[in-house]
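A short worksheet on the structure shown next.
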Amino acid sequence: QVQLVESGGGLVQPGGSLRLSCAASGISFSNYIMSWYRQAPGNQRDLVATIGTGGGTNYADSVKGRFTISRDNANDTVYLQMNSLKPEDTAVYYCKARLFRQTYWGQGTQVTVSS
């Protein structure tokens, strides 16, 4: 059974930082492209960042220079370090694992940026 379990969300003030984690099980993690998405109320789910199997990364323009995606293949975990958070970063954050046509999603973790 495949599971992706996100953690690390919460309430943070503008300018603050959070580190999200996504622990995977039931897949050969190192073979999967891992991504973080986010969805704010009333909005579509948008891609935030992606890390390939070789460690190459891509970011949405809105988070470049503030967020960093990384992966630990030894522990089957992908991370999203979020710095200089803004109120517009408020959303449910989801991780996704993809290998060809196989796609798996986590349940999401809420991030709220507010004073």
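Connecting C-alpha atoms closer than 10 Å in a GNM of the chain, tell me which of Asp46, Asp61, Asp72 has the biggest fluctuation. Comparing Asp46, Asp61, Asp72 in the GNM, the peak value goes to Asp61. What is the percent carbon and sulfur in the accessible area of the chain, measuring with a 1.4 Å probe over the protein chains and ignoring ligands? Taking all protein chains in place, the chain shows 44 percent carbon and sulfur surface. Under the convention that each Lys and Arg Cβ holds +1 and each Asp and Glu Cβ holds -1, the size of the dipole of the chain around its Cα centre is about 160 debye.
Might you tell me the accessible area per residue for the chain, computed with a 1.4 Å probe and given in Å²? Kindly include the intermediate steps, with their values, before the conclusion.
Working: 6010 Å² over 115 residues.
Normalised by residue count, the accessible surface of the chain is 52 Å².
Taking a label point 7 Å from the Cα of Arg66 along the Cα→Cβ vector, which residues of the range 83-115 have an amide N closer than 19 Å to it? Those under the cut-off are 83-95, 109-115. Note on the chain: with a GNM built from Cα contacts shorter than 10 Å, the maximum mean-square fluctuation among Ala49, Ala97, Ala74 falls on Ala74.
Over the range 1-69, the Kirkwood radius and the radius of gyration, each from Cα atoms, give a ratio Rg/Rh of 0.97. The stretch between Ser114 and Leu11 holds 36.4 nm of extra length on full extension. This uses 0.36 nm per residue minus the Cα-Cα distance.
The values are calculated or read from the model by the stated rules, or taken from the named source; none is laboratory data. Keep in mind that this is a model prediction, so the values were computed, not measured. Cβ coordinates were reconstructed from backbone atoms using ideal geometry, including for glycine residues, and neighbour counts include every protein chain displayed. In case anyone asks, the SASA skips ligands and DNA or RNA and just uses the protein heavy atoms, side chains included. Shrake-Rupley method; radii C 1.70, N 1.55, O 1.52, S 1.80 Å.
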